[in-house]
Amino acid sequence: MMNPYASRLADWRAHGLARDLRPLGGPQGPLLAVAQEHFLAFCSSDYLGLANEPRVREAAHEALERYGFGAGASALVCGYYALVAELEATLAEWLGQPRALVFSSGYAAHVGTIPALVDQETAVFSDALNHASMIDGVRLARPGQLSVFPHNDLVALEAALQGCSLPYRWILTEGVFSMDGDQAPLAGMVALAEQYDAWILLDDAHGLGVLGEQGRGSMSHQGVTSSRVLHMATLGKAMGTAGAFVAGDADIIEWIAQRARTHMFSTALPPMVAGATHVALKLLRHEEWRRKNLQQLGQQLQQGLMSTGLALQPSQSAIHPLILGDNPRAMAAAAWLRAQGLWVAAIRPPSVPMGTSRLRISLSARHTPEQVEQLIEGLKQWQESEHV
């Protein structure tokens, strides 16, 4: 029997869409070790530099000694540890929500939560640039109506809401969009949700910790509050650990706990991770220097490239995309930078729309101004090399 995947893989590679797995030989940080090479990295989502924070590591060790490593079962069987229950309560208190529920990953949170909330009596209104995990959650849910509105287009969203006759409605959006670094117009979305009796599922994976008072995320940053918003975020980005959560109305959270298949049928988060996350959350809330440094580095990067013609997308987040257009150019830029010891991810379809391949520059609070300046100079030199 012929193997069709060999030819498909060759075609995938020919179109510049292949990704490589690069095993790391050390912890996350501005400097990453790959085999015998070391890179100054601008590709991690460890935005606040907590993944290798000594106090977080110490908390993980303490939890490991007390509870062991594996959870042993799903949360609804016997895998629900006191540390996880305490973490959920702390997350809810921090965000001013009645309740929170922890999942093993952000992907699991979406593909479990959305089908638990959405059925044939439900309409879904989803931003065109929402994350793949949200899209897959909607596909699994099979809503009675699906409207994908143009990115951040409130006029189109309202038109879709006006034309909806189904009794239940969910608006799906990211707070900070993972590939563009821009923010959703949350005040306008909340106003539409109030007007058209809808709920909002907010994926704030890239806003939580980075934006808002005590790092509470996009809603706090934009000064918006609403009981109609269900908050979701990962713990593996700015928090530096692993897992994810949803937080909001207590009855909705309980329904998700009872019905989300990725919660019901998946081994629970290891207690060691919950212990580490407790400390990471404390540091995230109270060490404001991390957010300040991140903002200053972002301004340095934006200003440093302003006169070069390498126009970064405007961003107040840790994500600063440099859109280059086609796949070969993005791949060539990433390869050239890597040869200079700079690791910046080349992002291509299906992660972004066709024709918008890019370098996705991610900053960390642990970067120094000198390291950001090294990146700026590297990008300038790559730009010069294109014209030689």
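The numbers here are math on the coordinates, done by the rules we state, and not lab data. A quick note: this is a predicted structure, and the numbers were derived from the prediction, not measured. Glycine also receives a Cβ, built like all others from the backbone with ideal geometry; neighbour counts cover every protein chain displayed.
Remarks
- Every helix of 4 or more DSSP H residues in the chain counts as -39500 (n - 2.57), and over all residues that averages to -12500 deg cm²/dmol at 222 nm.
- Other-chain or far-sequence residues with amide H under 5 Å of Ser178's (modelled H): none
- Table column - 3J(HN,Hα) (Hz), region 309-314, Karplus curve with 6.51, -1.76, 1.60, x for Gly and Pro: x, 8, 7, 6, 5, x
- Given charges at Cβ of Lys, Arg, Asp, Glu: the chain dipole, positive-most of Val34, Gly212, Phe103: Val34
- Net charge of Cβ neighbours under 14 Å - reference Phe149; Lys, Arg +1; Asp, Glu -1: -3
- Put the Cα centre of region 310-362 next to the Cα centre of region 159-190 and the gap is 26 Å.
- Working from label points 7 Å from Cα in the Cα-to-Cβ sense, the Leu24 to His286 distance is 2.7 nm.
- Most mobile of His278, His15, His38 in a GNM of the chain (Cα contacts under 10 Å): His15
- Under 5 Å between amide hydrogens, built in the peptide plane, is the criterion, and for Ser126 it picks out Ser147, Val148, Phe149, Leu172 among residues at least 5 positions away or on other chains.
- Dipole of the chain [Lys/Arg +1, Asp/Glu -1 at C-beta], most positive-end residue of Gln300, Ala10, Phe245: Ala10
- Among Ala141, Ala73, Ala123, the largest mean-square fluctuation in a Gaussian network model of the chain (Cα springs under 10 Å) belongs to Ala73.
- Between Glu93 and Glu377, the contour length at 0.36 nm per residue exceeds the Cα-Cα span by 97.9 nm.
- Note on region 54-286: with charges restricted to the Cβ of Lys and Arg (+1) and Asp and Glu (-1), its dipole about the Cα centre is near 520 debye.
- Listed values [x] 183; [y] 168; [z] 144, entry calculated as volume of the Cα convex hull per residue in Å³: [y]
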